[in-house]
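Step one of this worksheet: look at the structure below.
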Protein chains: 2
Amino acid sequence: MGILLDKINSPFDLRGLSVDDLGVLAEEIRDHITHSVSVTGGHLASNLGVVDLTIALHYVFDFKRDKLLWDVGHQCYAHKILTGRRDDFAGLRQQDGLSGFPNPEESEYDIFSVGHAGTSIPTALGMALGGQQKGTDESVVALVGDASIVNGVSFEALNNLGLAKRQMLIVLNDNSMAIDVTEGAVAKFLSKVRLSHTYEDLRRRTDKILEHLPVIGKKMEGALHGFTRTLRMAITPSRLFESMNIPYFGPVDGHDIGSLIKLFKGFKDLDRPAILHVYTRKGKGFLPADDNPSKFHSTGPFDKKDGNGLMKSGNKTFTQVFGETVVELAEKDERIVAITAAMTDGTGLGGFREKFPERYYDVGIAESIGVDIAAGLAKQGLKPVVCIYSTFLQRGFDQIFQEVSLQGLGVVFCIDRSGVVGNDGPTHHGLLDIGYLRCLPNLEVIAPADAGELKAALAYATASGKAVAIRYPKDAVADADMIGDDKRPAFVSGKSVVLRDTDCDVVLAACGCIVSEALTAADKLAEEGLKVGVVNARFAKPLDAEIVSLFFAGKMIITVEDHSVACGFGSAVMEAIAAKTQQGGGEKNGKVICLGAGDEFIKAAKRSVQLDMMGISAERIAEVVRKL
Amino acid sequence: MGILLDKINSPFDLRGLSVDDLGVLAEEIRDHITHSVSVTGGHLASNLGVVDLTIALHYVFDFKRDKLLWDVGHQCYAHKILTGRRDDFAGLRQQDGLSGFPNPEESEYDIFSVGHAGTSIPTALGMALGGQQKGTDESVVALVGDASIVNGVSFEALNNLGLAKRQMLIVLNDNSMAIDVTEGAVAKFLSKVRLSHTYEDLRRRTDKILEHLPVIGKKMEGALHGFTRTLRMAITPSRLFESMNIPYFGPVDGHDIGSLIKLFKGFKDLDRPAILHVYTRKGKGFLPADDNPSKFHSTGPFDKKDGNGLMKSGNKTFTQVFGETVVELAEKDERIVAITAAMTDGTGLGGFREKFPERYYDVGIAESIGVDIAAGLAKQGLKPVVCIYSTFLQRGFDQIFQEVSLQGLGVVFCIDRSGVVGNDGPTHHGLLDIGYLRCLPNLEVIAPADAGELKAALAYATASGKAVAIRYPKDAVADADMIGDDKRPAFVSGKSVVLRDTDCDVVLAACGCIVSEALTAADKLAEEGLKVGVVNARFAKPLDAEIVSLFFAGKMIITVEDHSVACGFGSAVMEAIAAKTQQGGGEKNGKVICLGAGDEFIKAAKRSVQLDMMGISAERIAEVVRKL
């Protein structure tokens, strides 16, 4: 690991080190992170960028008592290393190992499990108000990136910051980069600021802030105002924050541990909320990541020498198939436009952006406006394709309800990372989308089973003029011959496809990528002499009446989905059965069993392991049938 | 109506009038609105405030072609009057009558059905981008209030406004008042601005803007910058918007029709997004509303002479019972704190605010941060009670998922306006909450049947330390003796209560306020000799296993809920049955029928009519049983 790092078992061990030693320690931590991530995969560039900042924070504050709130939290590795978890990094993001995000179950130093953007200022405000309510004086620190601070809920928190009449420090970690290049007015403003001064300016500013902090501590309104004015350069972001009455300080150098320590000591005693604007460099200390922070935002295992990936190539991913297909469709139909929320590469839109820059909108980490822009575009007769991960689209739920579903607009939602997502764990699973979408009128929900199905679904959706959601997982597609072209008619609204004959007692009704597991299970059972039917549902909504009629033919339907059982596809099947029962039912009644995620959070592990834990791997499905 | 108003059948008829005549027309429109609302009830104060503004907009723009986007939309009455709907106001908010909000089904002048806050700038941006994409030159105007502009999605839109390289006018209608007094830093800033100048300043500013508009039209960056600087008074909101690179103009007088017309003519030709800040007075022209705009935000029928309400008094509402109960509980437990999003009176928190101002937080129309503040408070050991209407809580869905459910925090959600809401219609129904909440682990969902049940539920929830959602409608509570105290044991997690014996073939399992309809139906059927059981489910989650066992005793279960059938309580019952089936099931299989809202939007009407339309009134429930 490192000579110094070996001795750091808790943040208190930092106190014995000189500022120079802390600098050496920072290098050792960066090495530890780079090495660990090269083996396990994980977030790299952002973690390398905040090492110095993290050391300085832990040096000054006591986060057993004080509260440190992370935003997204993918940059918490140095924090984990300093808080007793140094030796657990071999298990980073692995089953039963260290989470890649803050996790209160791991350590009292982690306050909230996070993974979504924009929550650090809001929750820090809540905790500050709690301290105020209880009369306690713990410090509260929110660490937020320049990409997260433009999220709507961050702004709502800034606007309500005046509720806190006590200390609360917001550290704005400005690396001028979200996962993709940050978009939007605030980002442009910050980047103008960045270009407008030299490194020497940063140093001078630190000294000036330090000079004035005691005065600010005395709550001298006038002094504070005059002071921020003297700090102002030709352009500073102070205007933005000052108009919301939030004292703003900075920018300062986020790699100068000595200065940061002095600053944090000052801000610890300030009796009001304030923002400290800090510059850091993503990927600092590891050349390939420094050169290409976007590639090393989230990475699989790689070769430490050159940064080249060690992933084996296999089948294409659903994401890749989507990315290729949307370009093909857009070539034929110029009304197709694409929208993403800071996830161009993650959603496979890189090719689209390159080919159709004028038809492509990245709104930054702001999913709600992403949906609303799509609604406006659809009103104008265009065909917007909104590409947002399932879990993040939860931020747009109300917008999908009012601005899309209620208006009956033709917006296509391409929902990547649906189902379990593997190593990112609970904050990133997309296990709720069928539920929160199928309750909305005027919206169809499709889950394609493989590459061919995804292509067909996307063609159907963009041609339909309707609101259609297409959900698919973070996974490779099944082998092309698994379903077979004869079982792949064009998509028709609400029509399923029978893949294995249903003239038997038990039928697997599978929805989405999990069809491949159902097929494998059925074929295995057939070898054992147990015949089961398999239906590729295609649509979670509208539901095929053919599936319902299997029930009234007295069969056992086993629904299978990579989704929560609550409100899921199986639930939709049973609602349709209940509706038919009300109308008089059918010949005889069958039974229904629903396989999918239960009422609990599924921890980080390989996706295949998670499918097994959920009981929807081929083997587990087969077990259920055998038991009947 | 009025001499001039009688002749206005479309906005084109305005063109023939002089500015003085337009002023007279404004008075006639205000009279028409006041009279109509005094008969039908509706939104009053805000509508009176924007009459002059609306006339000027329609005078200048052609909103058959140009696009006018409303925010919330409750202030659209003058717009409806001018666009051919003058004579339909007797049916305002009534069944088959005029909607109280913009509605594209009514008129081509209404673009989006709205009712939630903060959507006008986002959707206007989408439409502006659509125009840009198609190369059309229609004007786009977003009208947004000072209360709505601080909503997160508004900010996300402002931050992304740079995507539009064309005309797009944002009219900031500043009446320094949301439904309740506007909170937050931006509001405070705007109110400081308001106090800092005289009426004469407003006039001078209008002239200055007009002088400079042609220059701005020529895209002279420098000129624009210099110009906004010369306009700046000691304090102006320009800083806030300028830091986001949005040209800001104003404030100007929103009742000076002549000036507004000149200004809009100028802004029609501006080839970039801009904000015009306009002052209006809520309740203008009707003294009782002018004096008490909060009372007349949304009102029932009233006497035009004095503004006194004409509502008959009857049983208390669920809202009132909640408001009293939360104060009682907070007196005994000082950890209880309350949070609302600009709906103090609407959610019944007026008494709480008065009694515990230090334990009360109003975050403005910003539901997401409301949930996050609660999460932070709960982490600090407090007991936050979040009071947000069901439909607006959809804005906090992702926050409830990550910041509450995933953390297992004890936040109590008191969800008013659950179920159908009567005359406000589709944008305001709360038909999705059981679904979007019960899919989340660590969260219980309760629907109390009447006043006594609500009191007991709230006591249970605040004592539980768990996340608990309590949903109840905009309605009066049922008579106290309907359930009877012997049928009202203390709440136990996941336990239902049998109200009418279930030793019969058919059992009504009712969830929430609709229990009273189920009881009435059962008693009516009993008189007819048809015996049916009634269970008060209490919990939609966790579900009582006793309800499930009725199925495996071979009974017909009819679930009844004031909620969408999709993902609702009935669906939860069937999921539990499927789980038990997987474990081997029971003696015999029964059947399930689910009554609730179908897959469509339910139009404005009286709530009792809507319950009937949904098939969950006592009479309709009885019909279903009779048919069996």
Could you please give the count of residues in the stretch B:139-155 that are outside any helix (DSSP H, G or I) and either within 9 Å of chain A (Cβ to nearest Cβ) or aliphatic (A, V, I, L, M) (or both)? 9
Scan of the stretch B:278-331 for residues that are closer than 26 Å to B:HIS32 by Cβ and among the aliphatic types (A, V, I, L, M), ordered by number: B:VAL278, B:LEU287, B:ALA289, B:LEU310, B:MET311
Being in contact (Cβ under 8 Å) with a residue 24 or more places away in the chain and either farther than 29 Å from A:VAL153 by Cβ or aliphatic (A, V, I, L, M) (or both): is that true of B:LEU270 here? yes
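So that you can scan it fast, the table gives a plain yes or no per residue for (1) surrounded by fewer than 22 Cβ atoms within 10 Å (Cβ to Cβ); (2) touching a strand residue (DSSP E or B) at 6+ places or on another chain (Cβ under 7 Å); (3) at pLDDT 95 or above:
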| site | (1), (2), (3) |
| --- | --- |
| A:LEU25 | no, no, yes |
| A:ASP31 | yes, no, yes |
| A:VAL50 | no, yes, yes |
| A:ASP62 | yes, no, yes |
| A:ASP71 | no, yes, yes |
| A:LYS80 | no, no, yes |
| A:THR83 | no, no, yes |
| A:ASP87 | yes, no, yes |
Looking across the stretch A:378-398 at residues that are within 17 Å of A:ASP433 (Cα to Cα) and facing chain B (nearest Cβ under 7 Å), the single one that is surrounded by the most Cβ atoms within 10 Å (Cβ to Cβ) is A:ARG395
Go through (1) more than 25 Å from B:ASP290 (Cα to Cα); (2) under 22 Å from the mean Cα position of the chain (by Cα) and name the single condition B:VAL60 misses. (2)
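Which count do you get for residues in the stretch B:356-377 that are more than 8 Å from chain A (Cβ to nearest Cβ) and either crowded, with 24+ Cβ neighbours inside 10 Å or under 19 Å from the mean Cα position of the chain (by Cα) (or both)? Don't jump to the end; show me each part of the working.
Step one: list which residues in the stretch B:356-377 are more than 8 Å from chain A (Cβ to nearest Cβ), which gives B:356-357, B:360, B:362, B:365, B:367, B:370-371.
From what is left, the residues that are either crowded, with 24+ Cβ neighbours inside 10 Å or under 19 Å from the mean Cα position of the chain (by Cα) (or both) are B:362, B:365, B:367, B:370-371.
Of the residues in the stretch B:356-377, 5 are more than 8 Å from chain A (Cβ to nearest Cβ) and either crowded, with 24+ Cβ neighbours inside 10 Å or under 19 Å from the mean Cα position of the chain (by Cα) (or both).
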Among the residues of the stretch A:98-105, is any modelled with pLDDT of 90 or more, surrounded by fewer than 19 Cβ atoms within 10 Å (Cβ to Cβ), within 14 Å of chain B (Cβ to nearest Cβ) and in a loop (DSSP other than H, G, I, E, B)? yes
Could you tell me whether any residue of the stretch A:598-607 is touching a Pro at 6+ places or on another chain (Cβ under 9 Å), without any contact (Cβ under 8 Å) to a residue 12 or more places away in the chain and more than 20 Å from A:TYR472 (Cβ to Cβ)? yes
Filter the stretch B:247-288 down to the residues that are more than 20 Å from B:ALA78 (Cα to Cα) and touching a Ser or Thr at 6+ places or on another chain (Cβ under 6 Å), then identify the one that is surrounded by the most Cβ atoms within 10 Å (Cβ to Cβ). B:TYR248
Every residue in the stretch A:115-138 that is at the interface with chain B (Cβ under 8 Å from one of its Cβ atoms) and in a helix (DSSP H, G or I), please. A:PRO122, A:THR123, A:ALA124, A:LEU125, A:GLY126, A:MET127, A:ALA128, A:LEU129, A:GLY130, A:GLY131, A:GLN133, A:LYS134
Scan the stretch B:399-443 for residues that are of a type outside the set (Phe, Trp, Tyr), over 22 Å from B:THR462 (Cβ atoms) and facing chain A (nearest Cβ under 7 Å) and jot them down. B:GLN402, B:PRO426, B:THR427, B:LEU432, B:GLY435, B:CYS439
Quick check, is B:ALA45 among the small types (Gly, Ala, Ser), closer than 26 Å to B:GLU367 by Cα, surrounded by 24 or more Cβ atoms within 10 Å (Cβ to Cβ) and touching a helix residue (DSSP H, G or I) at 6+ places or on another chain (Cβ under 6 Å)? yes
What pairs can you find where one residue is in the stretch A:36-48 and assigned to a strand (DSSP E or B), the other is surrounded by fewer than 24 Cβ atoms within 10 Å (Cβ to Cβ) and of a type in the set (D, E, K, R), and their Cβ atoms are less than 7 Å apart, with a gap of 6+ or different chains? A:GLY42/A:ARG93
Please count how many residues of the stretch B:309-339 are within 22 Å of B:GLY422 (Cβ to Cβ) and out of contact with any Leu (no Cβ under 9 Å at 6 or more places or on another chain). 11
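Under 20 Å from the mean Cα position of the chain (by Cα) and closer than 30 Å to B:SER608 by Cβ: which single residue out of B:VAL114, B:VAL39, B:VAL144, B:VAL50 fits that description?
B:VAL114
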The residue that is modelled with the highest pLDDT, considering only those in the stretch A:289-298 that are of a type outside the set (Gly, Ala, Ser), out of contact with any Pro (no Cβ under 9 Å at 6 or more places or on another chain) and buried (at least 21 other Cβ atoms within 10 Å of the Cβ), is A:HIS297
Selection over the stretch B:445-473 where residues are surrounded by fewer than 23 Cβ atoms within 10 Å (Cβ to Cβ) and either within 14 Å of chain A (Cβ to nearest Cβ) or aromatic (Phe, Trp, Tyr) (or both) yields a count of 2
When the residues of the stretch B:305-355 are narrowed to those that are assigned to a helix (DSSP H, G or I) and among the basic types (Lys, Arg), which ends up surrounded by the most Cβ atoms within 10 Å (Cβ to Cβ)? B:ARG353
Among (1) closer than 25 Å to B:LEU432 by Cβ; (2) in contact with a Gly (Cβ under 8 Å, 6 or more places away or on another chain); (3) among the basic types (Lys, Arg) - the single one B:ARG538 does not satisfy: (2)
Could you tell me which of the residues A:GLU108, A:GLU27 is touching a residue at least 24 places away in the same chain (Cβ under 8 Å), among the acidic types (Asp, Glu) and not in a helix (DSSP H, G or I)? A:GLU108
Exclusive hit being in contact (Cβ under 8 Å) with a residue 60 or more places away in the chain, over 22 Å from B:LEU519 (Cα atoms) and not in a helix (DSSP H, G or I), set B:ALA566, B:ALA540: B:ALA566
Counting residues that are crowded, with 19+ Cβ neighbours inside 10 Å, away from chain B (no Cβ under 14 Å) and at pLDDT below 70, which helices (runs of 4 or more DSSP H) fully inside the stretch A:182-246 reach at least 1? A:199-217, A:221-231
Enumeration of residues in the stretch A:247-280 that are at pLDDT below 90 and either under 26 Å from the mean Cα position of the chain (by Cα) or among the aromatic types (Phe, Trp, Tyr) (or both): A:TYR248, A:PHE249
Note on the stretch A:572-601: residues within 7 Å of another protein chain (Cβ to nearest Cβ) and either more than 25 Å from B:LYS627 (Cβ to Cβ) or assigned to a strand (DSSP E or B) (or both) are A:LYS591, A:VAL592, A:ILE593, A:CYS594, A:ASP599, A:GLU600, A:PHE601
Note down all Cβ pairs under 7 Å where the first residue falls in the stretch B:326-348 and is in contact (Cβ under 8 Å) with a residue 40 or more places away in the chain, the second is among the charged types (D, E, K, R) and surrounded by fewer than 20 Cβ atoms within 10 Å (Cβ to Cβ), and they're at least six residues apart or on different chains. B:THR344/B:ARG353
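The values are calculated or read from the model by the stated rules, or taken from the named source; none is laboratory data. From a predicted model like this one, the values you see are computed outputs, not experimental measurements. All Cβ positions, glycine included, derive from the backbone under ideal geometry; neighbour counts span all protein chains shown.
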